[in-house]
Amino acid sequence: MSYAQKLDDVAALLDHLEGLEPPMGSGGAPLEIALSLIEEDPGQPRRSFDQAALEELAGSIRERGLLQPIGVSDKQKNGKHRIVFGARRFRAANIAGLTTIKAIIQPGQAGDDPYDQMVENIQRADLSATEIAAFIEMQLKTGEKQKDIARRLAKSKGFVAMHASVGQMPKVLPDKLSTSPLRAVYELYQLWKRDAARVEKFCARHESFTRPQAEAFIEEASAKSNDSDKADLSTDWGSRPEHLAPQPVEEASNKNARGLHTGEIAPTAPRKSSSEVVVRVRHEQRGGGRLVLGRVSKRGSHFALVVFDERDDEADVLLSELALIEMRMEASLP
């Protein structure tokens with residue numbers, strides 16, 4: 001057999017094996033897979049891509065190549081691999097004019113677990129608050145509980161609760177998520193439930209805001225609300241019906257030296273409790289502390305006052321960020 005015929009036989013064999021990648025990539029060396037044989041996952045959580053950032057990444061790929069491979073599934077029924085992670089790199093590679101891309105094949109079919117891409121993107125801080133909120137809302141609609149979503153995302157219950165509330169907010173608040181932090185928007189939402197007009201005016205005046213700015217506004221607004229409530233109570237008292245108004249004090253002559261009516265038995269003085277209820281709580285980031293009872297937070301009904309163990313300082317904390325740990329009786333100080 002001539003050398004040319006041997007080359008033809010080898011070429012025919014390669015043609016026959018085309019597209020049959022060896023079972024590697026799952027922990028092994030990445031493969032070079034044709035971009036035309038890869039498709040994006042329609043259920044992937046990322047909804048928006050910064051075009052300028054894609055162009056910048058494409059320029060880097062042209063200069064230095066793709067430094068980190070993407071993850072893809074085994075071939076689907078349509079003969080294509082589906083992206084498990086790395087959609088941004090895939091798009092940039094297309095812009096850079098590549099025909100193949102380094103990829104690691106992930107076991108199983110893409111889309112079996114919607115959390116795969118979500119966790120990877122969250123860890124890379126690669127998703128907006130709106131995109132995370134949309135994913136969490138979708139999972140809640142399937143019947144999942146917030147605590148289960150938090151566990152699977154490896155995030156706190158407070159993180160999930162804040163994002164889950166985005167779908168319930170008035171449009172003026174989610175519109176600020178592209179320029180303002182979620183926690184600030186979430187805290188404004190708690191105030192909005194009590195004073196919608198004031199919050200909407202604040203949002204109209206501020207294209208963006210920081211969390212300290214939002215907190216200062218909430219504290220000021222809550223103080224004004226409290227002053228208004230006190231004024232209303234004062235007005236109501238003066239306009240009460242005659243039978244509810246304070247009654248004039250009887251003449252002293254009808255009372256004895258102890259201020260009691262003739263024949264009236266003096267009431268027994270209430271006993272002072274020698275113990276008090278202590279409620280222990282835990283915060284996601286600050287650790288354990290004691291709930292302050294008998295006083296309310298100036299920041300509204302969704303906040304609590306907590307004295308934290310580590311610094312023995314008192315702070316206003318969102319109730320959704322606290323976990324109830326213990327309730328017990330303790331001897332009170334004399």
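Give the residues of the stretch 275-322 that are touching a helix residue (DSSP H, G or I) at 6+ places or on another chain (Cβ under 6 Å), modelled with pLDDT under 85 and small (G, A, S), sorted by residue number.
Matches in the stretch 275-322: G300, S320.
Starting from the stretch 58-80, take each residue that is closer than 19 Å to A92 by Cβ and list its partners that are part of a loop (DSSP other than H, G, I, E, B) and aliphatic (A, V, I, L, M), counting only C-beta distances under 8 angstrom and pairs at least six apart or across chains.
A58/A96; G59/A96; I61/A96; I61/L98; R62/A96; L66/L98; V72/A110
When the stretch 165-218 is examined, which residues are found to be assigned to a helix (DSSP H, G or I), acidic (D, E) and more than 20 Å from E137 (Cα to Cα)?
Keep residues of the stretch 165-218 that are assigned to a helix (DSSP H, G or I), which gives 165-168, 174-176, 182-192, 196-205, 211-218.
So of that shortlist, the ones also acidic (D, E) come out as 175, 187, 200, 215.
Within the stretch 165-218, E200, E215 qualify.
Scan the stretch 80-92 and give yes if some residue there is at pLDDT 75 or above, in a loop (DSSP other than H, G, I, E, B), touching a Lys or Arg at 6+ places or on another chain (Cβ under 8 Å) and farther than 24 Å from S178 by Cα, otherwise no.
Going through the stretch 80-92, the residues at pLDDT 75 or above turn out to be 80-92.
Adding the requirement that they be in a loop (DSSP other than H, G, I, E, B) leaves 80, 86.
Subset that is touching a Lys or Arg at 6+ places or on another chain (Cβ under 8 Å): none.
Looking for residues that are at pLDDT 75 or above, in a loop (DSSP other than H, G, I, E, B), touching a Lys or Arg at 6+ places or on another chain (Cβ under 8 Å) and farther than 24 Å from S178 by Cα, one finds none in the stretch 80-92, hence no.
Among the numbered conditions (1) at pLDDT below 85; (2) over 27 Å from the mean Cα position of the chain (by Cα), tell me where A58 comes up short.
Status for A58: all satisfied but (1).
Checking V160 against (1) without any contact (Cβ under 8 Å) to a residue 12 or more places away in the chain; (2) assigned to a helix (DSSP H, G or I), only one condition comes out false. Which one?
V160 satisfies every listed condition except (1).
What pairs come up if the first residue lies in the stretch 113-134 and is farther than 16 Å from S180 by Cα and surrounded by 16 or more Cβ atoms within 10 Å (Cβ to Cβ), the second is at pLDDT below 65 and among the small types (G, A, S), and their beta carbons are under 8 Å apart, counting only those six or more places apart or on different chains?
D116/A110
The values are calculated or read from the model by the stated rules, or taken from the named source; none is laboratory data. In this text, all values refer to a predicted model and were calculated from it rather than measured experimentally. Counting neighbours? That spans all protein chains shown, and the Cβs are built from the backbone with ideal geometry, glycine included.
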